[in-house]
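A short worksheet on the structure shown next.
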Ligand SMILES: [Zn+2]
């Protein structure tokens, strides 16, 4: 065992540990609200089994555990005794985490993998204590499925959970506070869920959930930023009429106007590097085969790592909608639903991660996350970084979602190099 607590032992990470990480995720996927698939929403009954399984592994790895007032599973691996000269200084903590809830009919790795890798990293220390504590957090809620609001778990840890949110109700009429009580926890304990500094930072391992790394043949990706999002509802109002008797020159077809605009949305995103734009839902009124569409509702989702680029794209798309409307005598209303800024990952943390990835023998690939993650909630509170693991086939939110054992082994090795560097270099205080 390493005598010097500042150094993490550098033995190779055995593929056996990576295999156990994958097996553990697959075993946890069986804890589900549905018999044939994996569905596990905020503090649903199967979450108890997930907590029990992970708690026993955390305990074996030398961690003390608790479930906080927001239902997050927390495991703390204490630092080395700082000794009398340092005893008055508080010891910093590195948080490693991700979420334990899932979307309906989910795969086995989204979220859970990041928690299990955190525990495996602690186990790989073989009891050696570091100059800092490690807290592994399994967030109770990230997907927003049960209450329509995401990040309940990480917002509680960051201390940014609004009281209003506790009143939100699920499909059965139960509020967030009620769900917490029903799980045997006390909503009054939520303020105590807030992480207490000083922090070394927050590190999240997560599957990419997209095809980029797989396409490049690279196992790991360093996240530079989490893209900002614009969402809007766009309503085209023309005039309904008889599909047989109304000449084309007399029509004010709301759906045809929307269709012209949707093609522009796609084209705009194709022309601008880093931009993605989606019309994910349309509905048409009156919606009959023999009636000209009188009204069409469309949603718009625009994402980019650069907020100015995102806002400029949204402005151009709004202009295009109005131009099409005035040309076709169709009224257009534009209602903004979300304007969420991009969240940059911490530059010094990215540098640590980059060195760790290189030391693990993996080429460096940096990318932007188009999806939201707990890391964007933690980033304002502490230096935050994310490491993506390749998603075979780019598949996620699907039962066939997978991860390669070799990639998990590479992530574990990179993670140990991060722990090593953080123990010897004081990058932030
Ligand atoms: Zn996730």
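Can you find even one residue in the range 81-93 that is touching a helix residue (DSSP H, G or I) at 6+ places or on another chain (Cβ under 8 Å), away from the ligand (no atom under 16 Å from the Cβ) and either under 21 Å from residue 177 (Cβ atoms) or outside any loop (DSSP other than H, G, I, E, B) (or both)?
Checked the range 81-93: no residue is touching a helix residue (DSSP H, G or I) at 6+ places or on another chain (Cβ under 8 Å), away from the ligand (no atom under 16 Å from the Cβ) and either under 21 Å from residue 177 (Cβ atoms) or outside any loop (DSSP other than H, G, I, E, B) (or both).
With the requirement that a residue be within 25 Å of residue 16 (Cα to Cα), away from the ligand (no atom under 16 Å from the Cβ) and touching a strand residue (DSSP E or B) at 6+ places or on another chain (Cβ under 6 Å), what does the range 96-134 give you?
Hits for the range 96-134 are 119, 122, 134.
Hey, can you tell me all the residues within the range 36-47 that are without any contact (Cβ under 8 Å) to a residue 24 or more places away in the chain and closer than 21 Å to residue 176 by Cβ?
Residues satisfying the conditions are 45, 46.
From the list 287, 244, 217, 280, which one is surrounded by fewer than 20 Cβ atoms within 10 Å (Cβ to Cβ), out of contact with any helix residue (DSSP H, G or I) (no Cβ under 9 Å at 6 or more places or on another chain) and modelled with pLDDT under 95?
Sole residue among the options that is surrounded by fewer than 20 Cβ atoms within 10 Å (Cβ to Cβ), out of contact with any helix residue (DSSP H, G or I) (no Cβ under 9 Å at 6 or more places or on another chain) and modelled with pLDDT under 95: 280.
Can you say whether residue 161 is modelled with pLDDT under 95, buried (at least 24 other Cβ atoms within 10 Å of the Cβ) and either assigned to a helix (DSSP H, G or I) or away from the ligand (no atom under 16 Å from the Cβ) (or both), as far as the supplied structure shows?
Here the answer is yes, as residue 161 does meet what is asked.
Scan 18, 27, 70 and give me the residue that is at pLDDT 95 or above, crowded, with 21+ Cβ neighbours inside 10 Å and either part of a helix (DSSP H, G or I) or in contact with a strand residue (DSSP E or B) (Cβ under 8 Å, 6 or more places away or on another chain) (or both).
After ruling out the rest, the residue left standing is 18.
Looking at the range 135-151 only, could you name the residues that are in contact (Cβ under 8 Å) with a residue 60 or more places away in the chain, in contact with a helix residue (DSSP H, G or I) (Cβ under 7 Å, 6 or more places away or on another chain) and more than 10 Å from the ligand (Cβ to nearest atom)?
Correct list: 136, 137, 138, 140, 141, 147, 151.
Could you check how many residues of the range 167-178 are touching a helix residue (DSSP H, G or I) at 6+ places or on another chain (Cβ under 9 Å) and either part of a loop (DSSP other than H, G, I, E, B) or under 15 Å from residue 150 (Cβ atoms) (or both)?
Here the count works out to 4.
The values are calculated or read from the model by the stated rules, or taken from the named source; none is laboratory data. Because the structure is a prediction, the values reported are computed rather than measured. As a convention, Cβ positions derive from the backbone with ideal geometry for all residues, glycine included, and neighbour counts pool all protein chains shown.
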